[in-house]
Each structure stands twice: as C-alpha cells, then as structure tokens.
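Taken together, the values in this text are just the output of simple stated rules run on the coordinates, not laboratory data. Everything quoted here is computed from the prediction, not taken from an experiment. Cβ placement follows ideal geometry from the backbone for every residue including glycine, while neighbour counts extend to all protein chains displayed.
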There are 2 protein chains.
Amino acid sequence: MNLTGRKALSFIHDDFEDLEYWYPVYRLREAGMVVETAGEGAGRIYHGKYGVPAAADLSFDQARSDDYDVLLVPGGWAPDKLRRFPAVLEITRAMNNSGKIIGQICHAGWVLISAGILDGKRVTSTPGIRDDMVNAGATWVDEAVVVDGNLVSSRRPPDLPAYLAALLDTLTAR
Amino acid sequence: MNLTGRKALSFIHDDFEDLEYWYPVYRLREAGMVVETAGEGAGRIYHGKYGVPAAADLSFDQARSDDYDVLLVPGGWAPDKLRRFPAVLEITRAMNNSGKIIGQICHAGWVLISAGILDGKRVTSTPGIRDDMVNAGATWVDEAVVVDGNLVSSRRPPDLPAYLAALLDTLTAR
C-alpha cells in the first residue's frame, strides 16, 4: 500500500487522547502520506490527556479542505473544544460534501454532530456519547470499526488497529 | 501484508516512551499478529513517561522465546530497568541466537548492550546512548532506521513510521 503524495489533515486541541491522535498520524505517514495538523495557530503545542505533546502545523483558518484526502478527528476531550470553532465545522462539512474520508474515534463524534453530517449514518463511538450520536440522527452500533460511505468510526484506543486497517482499505479502494 | 498467527513479545517497565511502546504494539496487531507484553508479573500495570498505561500479559520468567517471531524493546527510561533482569537478557540473547527479529528504538539499546549482542552490528539509537552503543562494539549511524540482519533500530518517536515499515518489511521477507 503506497499512498505517497496523498494528504491528511488532523484537528487537535488540548486533552486529545494521546494514542488516538498519534497512531493515525504516524500510520498514515508510514503509508507514505503527508499528515498536517490544524489547531488555533501554527506552532502551537497541545498536550494529550496523559501529556504527550503535539504541535499544530497551521491554524483552523489556514486549512483548506481542498488540499486533503482524509480528515482525522481524534478523541479525548479535544472534540469538546474543537466543535466550538466555526472553521472546524466548515472544514468538516466541506470534506464530507466532497466525499472525502473522515475518520472519527471515541469522542470525536461531537465534532461531526455539530457539523450536522451524521443524520442517517451508521456509526460507532465511545458509549459515553452514544445518546448524542443517536439524537443527531445516526444509527449507533457497538463494533470496533464501522464504515458507512466516507465515514470511518471506532470506539476507543484498543480499536486503533482495526480503525486504521479500515481507513486505509477505504482510502486505497478509491 | 498479512501476518496472522505470527507472534511478537514486547518488554515493558515504568517510564517507557509512550508512543515507542504503543505504536509498534498496535501496528503489529493491525498486521494480524498477536502481541504479548512481558513485565514483572501478569496483570501488572506500568505507566509511560507521560502516563499512558499498559499492562503486562505475563512475567519475564513466563515468557518463552521459542513462542515469538519478533521481540520489541521500547525506549524511554524503561530499558534502564529492563537490563537488570536476567530473564530479560536471556530472552534477548535466545531470540538473537535464533535469528528472530529484534526491534529497538531510542534507549532500548541498553538492553541489547547488556545482552551482549551488539558487537560488530550496525545500529542507531537516541544520540544520548551513542557512546554506550559504540563501546559495546556497534557501528553507530544517525539514520531514521537501520536494519542489520535481524536487528532493526530507530532513534526516536518521529522515526516510528520508518521503523515499523522496515520491521514489517524484514518480517515479511522471511
């Protein structure tokens, strides 16, 4: 699998789930992709729930959805912050409208809920936000990974191997 | 790449480098492998430098080198502890003598030094232990990943994509 030259964007904010941010980022780089991270400003350093650091490469406002093939939304508490930025929701909607692959894990679904793109979709997430996902119109299932069109979702860190396998399969099938 | 049914063993101790333990573990699981972790006792919980937890599945004394195709040694400060356990060094030597693949990253080289298996080998590591690696008889180079026979080595977390790509290539070439 060689995805050299294809690009992914990850969102980031404080208290991201350390492995849910880093495993997908490193994994797509291993597959040859360029992965960039958008936060509140270029160079800003965020820390995961456990304290693993990660830097933003560009600001939410600088990120252009047309530049990317994949959007990654990490879990942890970061999604509670991310959903408050209009630019985050605009990028999410634009990439969804273009049929770009969107990966969400754990609490990441909060961002997709606020972007208004889950109605009628089959998804999973941490059970903690199942009710929010259902209230947003999604069909929620308790599986390690769920693929519905361009949306790939997983529940929690131990699902990361299944999550990335499915995300890469979906990407290479295009 | 499907390595279903093949097995890897990772060592663990406190203050492991969080991503250097977890990325290889999840990545080999994504490739279909079973990955088990040996610590001081089955069920014992360790915490990485940043606090990400990880559990031991079995004790160093319970781990049988014949059961595994790959040995993973994470970095961080854990190797300073790991090298003090005779069973850790015995497993490392036995797997090396059998030509099994051994992956070492960052400070992991301390374990291989104490196992006495680096003389004449070409390796990398964190620059912090370069002198220890050279004094153990290795040729040290500053590259993201170095493969010398069954030994695969890397320097630090950002090298993880290159490290696992090389480790999996080496494994599937057999």
Shortest first and in nm, the label-point separations between residue B:94 and its counterparts in the other identical copies (7 Å out along Cα→Cβ) come to 5.8
Sites residue A:61 and residue B:141, calculated FRET efficiency, Cβ-Cβ separation with R0 41 Å, nearest 0.05 | 0.45
Projecting the Cα atoms of B:10, B:113, B:151 onto the charge dipole of chain B, where Lys and Arg contribute +1 and Asp and Glu -1 at Cβ, the residue farthest towards the positive end is B:151
How many angstrom separate the Cα center of the stretch B:71-122 from the Cα center of the stretch A:84-121?
-> 44
Under the Kirkwood approximation for Rh and a Cα-based Rg, what ratio Rg/Rh is obtained for the protein assembly as shown?
-> 0.99
Would you mind calculating the relative contact order of chain B from Cα pairs under 8 angstrom and at least 6 residues apart, reporting the percent as a whole number?
-> 19
Expressed in angstrom and rounded, the centroid-to-centroid distance over alpha carbons for the stretch A:128-143 and the stretch B:1-25 is 32
Per the rotation taking chain A to chain B, min distance Cβ-to-axis on chain A (residue, whole Å) equals A:50, 2
Read phi for every residue in the stretch A:7-18 and hand back ³J(HN,Hα) as whole Hz from Karplus 6.51 cos²θ - 1.76 cosθ + 1.60, θ = phi - 60°, with x for Gly and Pro.
-> 10, 10, 10, 10, 7, 8, 7, 4, 6, 4, 6, 3
Compactness summary of chain B: radius of gyration and Dmax from Cα atoms, Å, are 14.2, 39
To the nearest 20 debye, what is the magnitude of the charge dipole of the stretch A:68-120 about its Cα centre, counting +1 on the Cβ of each Lys and Arg and -1 on the Cβ of each Asp and Glu?
-> 120
Once you list every other residue whose beta carbon is under 14 Å from the beta carbon of residue A:60, what net charge do they have if Lys and Arg are +1 and Asp and Glu are -1?
-> 0
Taking the label point 7 Å from Cα in the Cβ direction, how far apart in nm is residue A:131 from each other copy of itself, listed shortest first?
-> 6.0
Quick one: length gained pulling residue A:119 to residue A:80 fully straight, 0.36 nm per residue minus the C-alpha distance?
-> 12.1 nm
Running Debye on the stretch B:85-174 with equal point scatterers at the Cα sites and no solvent, what base-10 log of I(q)/I(0) appears at q = 0.15, 0.23, 0.24 Å⁻¹?
-> -0.49, -1.16, -1.24
Along the stretch A:122-135, what does the Karplus equation 6.51 cos²θ - 1.76 cosθ + 1.60 (θ = phi - 60°) give for ³J(HN,Hα), rounded to whole Hz, x for Gly and Pro?
-> 9, 9, 10, 5, 4, x, x, 10, 3, 4, 5, 5, 5, 5
Place a +1 charge on the Cβ of each Lys and Arg in the stretch B:1-139 and a -1 charge on the Cβ of each Asp and Glu, then give the dipole magnitude about the Cα centre in debye, rounded to the nearest 20.
-> 280
log₁₀ I(q)/I(0) of the stretch B:10-96 at q = 0.10, 0.24 Å⁻¹, via Debye over equal Cα point scatterers, no solvent, to two decimals?
-> -0.21, -1.29
Summed over the other residues with a beta carbon less than 10 angstrom from that of residue B:154, with K and R at +1 and D and E at -1, the charge totals -1
Dipole check, the stretch A:1-117, charges on Cβ (K,R +1; D,E -1), about Cα centroid: among A:73, A:98, A:33 the Cα furthest to the positive pole belongs to A:98
If every Lys and Arg gets +1 and every Asp and Glu gets -1 at its Cβ, then about the Cα centre the protein assembly as shown yields a dipole, in debye to the nearest 20, of 380
Any idea what the residue A:55 label distances to the other copies are, label 7 Å down the Cα→Cβ vector, nm, shortest first?
-> 3.7
